[in-house]
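The structure appears right after this line, and notes come after that.
The values are calculated or read from the model by the stated rules, or taken from the named source; none is laboratory data. Here the structure is a predicted model, which is why all the values come from computation and not from measurement. Glycine also receives a Cβ, built like all others from the backbone with ideal geometry; neighbour counts cover every protein chain displayed. Ligands, DNA and RNA are excluded from the accessible area calculation, which covers all protein heavy atoms including side chains. Shrake-Rupley method; radii C 1.70, N 1.55, O 1.52, S 1.80 Å.
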Amino acid sequence: MPAAIVTPRPARTAAAFCLAAALALAAPLTALGATAAPQPWAAQRRARLQERIEEAVRTRELKFDHAERRIGARADSVRDLASTVASAGGDVTGVLNMLTSAEESLQEAASIEADAVYAFRAVPGADDRRIAFAAARETARRAVDELREARQRVLGAAQELRRIAAALRAEQAP
Amino acid sequence: MRARRGMRLAVTGLAFAGLALTATGCERARSGGAAGPPASVAPTASVTATSSELEGVERYLSAIESELASLTVPSDEDFRAAEDALF
């Protein structure tokens, strides 16, 4: 009678323990694999681009709004000062015209900037992202050019008004 | 009876007084003399005030010019990180 192959008791216990442990670990790992399936590379890249564009738009909006508000506020200040100079007898027609065109430039800049933001946000979904990005950047540049134009016009109005005020004061000097 | 007549007279008097005051007010407003010093005093005082006011205006304008000259505007750098993600 052949000797029966009998596994020693401690070895059987160890095998049972390993099997149980393997089963216990397998369930959560399977679940994890189901929920965090790796995204395709292109989708990941698109998501990263979207994220960076949103971040850039937020930063840019802060800067643009700040500059736009400052220029607008200074245009209002120069307009108030122009009424003081006018009441002292100065001709401020040219100054007021410059301020009006500065305000038009500001409005134009804000409108172009809104177009640029829209164009940037559309880049990740565009067929040719490089071309879409270049076009959006060009629109953003035009917005900044218009903002600079508004600033120059308010600056010019302030310089002109100061010249008029100085001339009036010189006339009034005894 | 007498009291009622007195009352009617008082009301009529008040109405006339009101009309007279309104007419005076309109006349002063029309001539632009409703407020401010008499015309003989105004010019000297006005020139002094205007001169110092103009000086203040010049200083304020100078500050505005400095602020506008140093104001930073957005640039292409704002989208550099997005551009890096693109290429």
Assuming residue A:140 fulfils every condition listed in (1) open to solvent by 20 Å² or more (accessible area, probe 1.4 Å); (2) under 30 Å from residue A:46 (Cα atoms); (3) not hydroxyl-bearing (Ser, Thr, Tyr); (4) not in a loop (DSSP other than H, G, I, E, B) apart from one, which condition is it? (1)
Can you tell me which residue is farthest from the chain's Cα centre (by Cα) among those in the range A:75-95 that are assigned to a helix (DSSP H, G or I) and in contact (Cβ under 8 Å) with a residue 40 or more places away in the chain? A:85
May I ask you to say which residue of A:130, A:162 is basic (Lys, Arg), surrounded by fewer than 22 Cβ atoms within 10 Å (Cβ to Cβ), free of Cβ contacts under 8 Å to residues at least 12 places away in the same chain and within 11 Å of chain B (Cβ to nearest Cβ)? A:130
Say we look at the range A:67-81 and pick out the residues that are within 18 Å of residue A:159 (Cβ to Cβ) and among the acidic types (Asp, Glu); which of these is least open to solvent (accessible area, probe 1.4 Å)? A:76
Failed condition for residue A:119, given (1) closer than 30 Å to residue A:49 by Cβ; (2) open to solvent by less than 10 Å² (accessible area, probe 1.4 Å): (2)
Residues of the range A:84-102 satisfying the condition of being among the small types (Gly, Ala, Ser), at pLDDT below 95, surrounded by fewer than 19 Cβ atoms within 10 Å (Cβ to Cβ) and at negative phi: A:86, A:87
Quick one: residue A:64 ticks every box in (1) at the interface with another protein chain (Cβ under 10 Å from one of its Cβ atoms); (2) more than 19 Å from the chain's Cα centre (by Cα); (3) buried (at least 19 other Cβ atoms within 10 Å of the Cβ) except a single one, so which number is it? (2)
Breaking point among (1) open to solvent by 50 Å² or more (accessible area, probe 1.4 Å); (2) in contact with a Ser or Thr (Cβ under 8 Å, 6 or more places away or on another chain); (3) within 11 Å of chain B (Cβ to nearest Cβ), for residue A:148: (2)
Only unsatisfied item for residue A:109, checking (1) exposed (fewer than 15 other Cβ atoms within 10 Å of the Cβ); (2) in contact with a Leu (Cβ under 8 Å, 6 or more places away or on another chain); (3) within 16 Å of residue B:75 (Cβ to Cβ), is (1)
Considering residues of the range B:58-71 that are among the hydroxyl-bearing types (Ser, Thr, Tyr) and at the interface with chain A (Cβ under 7 Å from one of its Cβ atoms) only, the residue most open to solvent (accessible area, probe 1.4 Å): B:60
